[in-house]
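For reference, the structure discussed in these notes is given below.
Here, each number is a calculation from the coordinates, and none is a lab measurement. All values derive from a computational prediction rather than experimental measurement. Positions of Cβ are generated from backbone atoms using ideal geometry, with glycine treated the same way; all protein chains shown enter the neighbour counts.
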Amino acid sequence: MRPVDPFDDASTARAVIDDRGAVARWGVGARRLLGYEAHEVLGRPAAALLAEPDALAALVGPRWSGDLALLHRDGRTVPVHLLALRRPPRGDRADWRVVVRPDHAELDPPDDVVTAAALDQSPCPMLVCDERLRLRWINGRMAELIDLPDHEVRGLRITDIGVRRENTEVEELLADVLATGRARDIEGYVRPSGLDRGAGMLTRIAPLTDGSGRVRGACLTGHDFTEHYLARERLQLVNEASVRIGTTLDVTRTAQELADVCIPSLADFVSVDLLDPQESGEAPTELAAPVELRRAAHHSVDPGNPMAVMKPGHTEVYPATSPQADSLVAGRTIVATVASGRLDQWLNWNRTRGERVKEFGVHSTMSVPIQARGQTLGVAVLTRYRRPDPFTPDDVLLAEEITARAAVCIDNARRFSRERETALALQRSLLPRSLPRTAAVEAASRYLPAARAGVGGDWFDVIPLSGMRVAMVVGDVVGHGIQASATMGRLRTAVRTLADIDLAPDELLTHLDDLVVRLSAEAGNEGSPGEVGATCLYAVYDPVSRRCTLARAGHPAPVMLTPGGTAREVDLPAGPPLGLGGLPFESAELALPEGSVLSLFTDGLIESRERDVDASHALLCEALAVPSDSLDETCDRLLHALLPPGGSSDDVALLLARTLGLPASQVATWDIPADPALVAPVRKQVVQQLDRWDLSEASFTAELVVSELVTNAIRYGARPIRLRLIHDETTLICEVSDTNHTAPHLRRAKTWDEGGRGLLLVAQLTQRWGSRHTAEGKTIWAEIGLLDEE
C-alpha cells in the first residue's frame, strides 16, 4: 500500500496531458476545482475543459504560464492562472504537467508569522514554504533564478515549478528539515528554473519556528557562487587531464584520452585530427590550406559517436573555409557559431557535415591547434549541440591548457614510436633473417619486442661449426632502445667470431665477459649512464656423438624434451652475468637422443606480473610437451601460452632446436700409426671408403687433403693420431686429431723452399679448413664441397 504523503493537499489542482492532448492524470484538487471525477475526464481531450479550446495550442516550449478560463462540470466558467511544464520524454512519449495556483486568500492571512520571520531573517535569494511544502514567498533574486514571479508560484510546491531531478531532491531536503527541525547545507550546480541555464549555489535549508518553538515552515537561502564553482570545475578538469592524458606512449591512445577528457565537461563532441609526419619523422613546418589530416580519435556524449562523419585512421583534406584548416594556418584557437554564418561555406562544401549539423542542432565549434615544442601536430575540434551555451573565453583558455598538455604527450609518443621503429629496424637487421639448415638440428625462432618499454637487446643465433656440429646461442642485453640494439649487434658478432675458432662454451663466455667489461668501460668514459650488462646461454651439439655441451652467464636455463619423455629444465650451473669480470663459468654435458627438442629463451618469456617463474616454467613444459610436427607451430603455442594478450613487458627471444643424429654409416674412423711410410696405405683406405659411399668424384681432392693432414700430424703431432671422415649430402669432412696442443699456421713458402706448401694447398682445394682445441689435444679439419666436385 502506498504510504500517505503528509504534504499532499487538495487545494492545488494538478493534471497531466499526454502528447495527444488527452487527460492522462486527474488530481483531487482538479476534481474539486472543476467538479469532474477522474473517470469522466481521463482519456478525453483536454481542450473540452477550456472555455476557448484553441487556447491549448499555446502549450509550446518547455514551460508555459498564463490566465485561462476553464469549464466547470455545471457549465460555469472558472478563471485560473495555469502553469504547464513539459516533462522529459519517457521512451517515445512525452507529456505536460498542468498546475493551477491555489486561492491567494488562503495563503495570505494577515497574521502570517512564517512570512514575517522569513523577511526578517533572510536577506539573500530565498524561498519560504509552509508545513505542507507549499511555497509562501520568494524574493526577487530567487524569482530571477527560477524565471517566475512570486505571485505565480505562491501556493505551489517545488516539484510543481520544475521537473528536473534537482527539484525533487530539494523538496526531499525541505521535508527532512520540517520533520527533524535540523538545518541542512548543500552545494552544487543546479538549474532550478527547469530551463537549460544553471548556477552554482551554496544553499542552506533552515527550519522556521514560531514563538513557541514549533516548526512552521522552512527557509531556503542560496549564495550564487557560479564563477567560483566553474573556476573550480575548470581546475579539476585540468588536473584530471594531467592524470588521464599520456598514460601510454601510443599516439592514438593519447589522442583518444584527449577526446575523452573533454566529454561532457567541455563539449558534446570532440574530434582529434593529426598531421602525418614527414619522412624525417617531424611534423610539417609550413602549413597552408588545403590541409590533409588523419582522424586519430573522436568521442561524443551519445553512445556510438553518431555525430562523427569519418572513422579513426582515415584521412580527409580540409579546405581553407574549414575550422580545422583555418585554425592550423592561423596557429590559434578559432571559435565559430552556426548562427553567425562563419560555418556556412564549410558546411555547404561538405554536405555530409552540414546534414549532421542540422540533425543534431550544432550551434558552436572551437578549433584548437595541437602544438608542442614549436611544431604543429594537428587540431582538436570541440562541438556543442546538447549544451545550449556557446563557448566562452574561459572555455577557450581551458581547452588550450588541456590541448597543450595532450600535445606534449602526443609529441613524446611520436618521438618514442620513431625511436622504437628505428631500434626495431636495427634489431631485426642484426638478427638472423633465416636460420641455417644443418645436419645437426632443425631450428625455429621468434623475436617479439617489448609491448611498452620498446625494443631491447635480446638475440639468438644458430652457428654451424666444424665436424657437422652446431652452436646455439640466446642472449639478452640490459636496457632498451638503440643503444641496447647496437650492443646486442656487437655481442652477436663477437660470439660468431669466437665460435668460429671452436672455443668451448665456458671459454667462449669468458672471452665474451671480457668484451662486456671493456664495453662498460667505454660507456663510462663517454659519459653514458649505467653499465653495459648482458646474459647469455651458449650450447654446442654434436650429431655424431649426440651430446650437447652448454654454459650460461646469468641466463635462464633451457628446457629439454626428449622423445617419449617429459619436458624438464636442464640442470646447468647459473654462472655470473656478463660484465662482472673475473668470475669463472662452468659447462655441463648431456646426452640428447635424436628427436629431442631444446628450448632456449630470454627471461621475457617466463617473467610475468600474473605468476611466478616456477608457474611459468610449468606452463612452458606443458606447452612444449604437446605433440607437434612443426617447430614453428610449437613456437607460436609457447608464446600464446606464456605471454599476456597485450604483449610482454620485456623483449622475448625464443629458439627451438630438434636434434638430428648422423648415422654411423656416414662416419669412418682410423687410428694412424706414427710412421710416414703408412701414409700411402691410409690414402688407399680413404679412396676405398669413398667408393663405398659412392663419392668417387671427391676421391682426388680427399686423397690430397688426407695425405697432407696425416703427414703433418705424424711429423709434428703426438700420439695417438686419429683420422675421421664424415659426410652428408653436401659436404665431406676430413679430420685428423692428435694430442699435441700446438696448432699449425698457414704460411706462403718462398720459391726455393722445399716445404711449407701443404696447408696452402689444403686451403685452395677445400671450402673451409681450421683447427680446434680439445681436452686431449687438437683437431685439424677441412671441408670438401660435394656439389662442387660433381
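Ordered by packing density, taken as the mean number of other Cβ atoms within 10 Å over each peptide's residues, highest first, how do 545-555, 495-505 rank? Walk me through the intermediate numbers first.
Values: 545-555: 21.9, 495-505: 18.7.
Averaged packing, sorted descending, gives the order 545-555, 495-505.
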Original post:
When all C-alpha to C-alpha distances in the chain are sorted into bins of 10 Å, what percent of pairs does each bin hold, rounded to whole numbers?
Top reply: 2, 10, 13, 12, 12, 10, 9, 8, 7, 6, 4, 3, 2, 1, 0
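Quick one: divide the alpha-carbon radius of gyration of region 205-325 by 2.2 N^0.38 Å and tell me what you get.
1.74
Suppose every K and R has +1 on its Cβ and every D and E has -1 on its Cβ; what is the size of the dipole of region 240-420 about the Cα centre, in Debye to the nearest 20? It would help to have the intermediate numbers written out before the result.
Values: 20 positive and 24 negative charges, 48 e Å.
For this selection, approximately 240 debye.
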**OP:** State the answer as a single residue: which of Thr742, His773, Gln666 lies farthest towards the positive end of the charge dipole of region 664-789, with beta carbon charges of +1 for Lys and Arg and -1 for Asp and Glu, about the Cα centre.
**Re:** Thr742
Subject >> Label-point separation in nm, Leu787 to Arg184, each point 7 Å along Cα→Cβ >> reply: 9.0
**OP:** For an R0 of 25 angstrom, estimate the FRET efficiency from the Cβ-Cβ distance between Asp210 and Arg141 and round to the nearest 0.05.
**Re:** 0.45
Original post:
How many percent of Cα pairs in region 352-481 exceed 19 Å?
Top reply: 69
**OP:** Please give the FRET efficiency for His640 paired with Ser545, using the beta carbon to beta carbon distance and R0 = 51 Å, rounded to the nearest 0.05.
**Re:** 0.90
Subject >> Net lengthening on full extension, Asp18/Val78 (0.36 nm per residue, minus Cα-Cα) >> reply: 19.3 nm
Original post:
Which FRET efficiency value, to the nearest 0.05, do you get for Leu583 and Val613 by plugging their Cβ-Cβ distance into 1/(1 + (r/R0)^6) with R0 = 22 Å?
Top reply: 0.45
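Quick check on packing: order 728-741, 389-402, 372-385, 37-50 by the mean number of other C-beta atoms within 10 Å, highest mean leading. Working shown, then result.
Details: 728-741: 18.6, 389-402: 17.1, 372-385: 21.8, 37-50: 15.1.
Packing proxy ranking, top to bottom: 372-385, 728-741, 389-402, 37-50.
Would you kindly give the portion of the calculated P(r) for region 664-789 that falls above 22 Å, as a percent of all Cα pairs?
Numbers: 2491 of 7875 pairs.
In whole percent, the long-distance tail amounts to 32.
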Original post:
Once every DSSP H run of n ≥ 4 in the chain is given -39500 (n - 2.57) and the sum is divided by its residues, what mean residue ellipticity at 222 nm do you get, rounded to the nearest 500 deg cm²/dmol?
Top reply: -10000 deg cm²/dmol
**OP:** Would you kindly calculate the translational diffusion coefficient of region 240-420, applying Stokes-Einstein with the Kirkwood radius from alpha carbon pairs, for 25 °C and a viscosity of 0.890 mPa s, and quote it in µm² s⁻¹ without decimals?
**Re:** 152
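I need to check one value: relative contact order of the chain, counting alpha carbon pairs closer than 8 Å and at least 6 residues apart, in percent. Before the final figure, lay out each step's value.
On the way: 1555 pairs, mean separation 50.0, N = 790.
Across the chain, relative contact order equals 6 percent.
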**OP:** Find which of Ala372, Leu639, Gly162 sits farthest along the positive direction of the dipole of the chain, computed with +1 on the beta-carbon of Lys and Arg, -1 on that of Asp and Glu, about the Cα centre.
**Re:** Gly162
Original post:
In what sequence, highest mean first, do 326-332, 764-770 appear when ranked by Cβ atoms within 10 angstrom?
Top reply: 326-332, 764-770
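When the chain is fully extended, how far beyond the present Cα-Cα distance does Ala674 get from Ala523, taking 0.36 nm per residue of separation? Provide the component values of the computation, followed by the final result.
Working: separation 151, 0.36 × 151 = 54.36 nm, distance 5.35 nm.
Between Ala674 and Ala523, full extension yields an extra 49.0 nm.
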**OP:** Hey, for a label at Asp694 modelled as a point 7 Å past Cα toward Cβ, could you say which residues of region 703-744 have their backbone N under 17 Å away?
**Re:** 727-732
Subject >> Estimated dipole of region 664-789 in Debye, rounded to 20 [Cβ of Lys and Arg +1, of Asp and Glu -1, Cα centre] >> reply: 580
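Treating only the Cβ atoms of Lys and Arg (+1) and Asp and Glu (-1) as charged, compute the dipole magnitude of the chain about its Cα centre; round to the nearest 20 debye.
On the way: 85 positive and 112 negative charges, 203 e Å.
Rounded to the nearest 20 debye, it is 980 debye.
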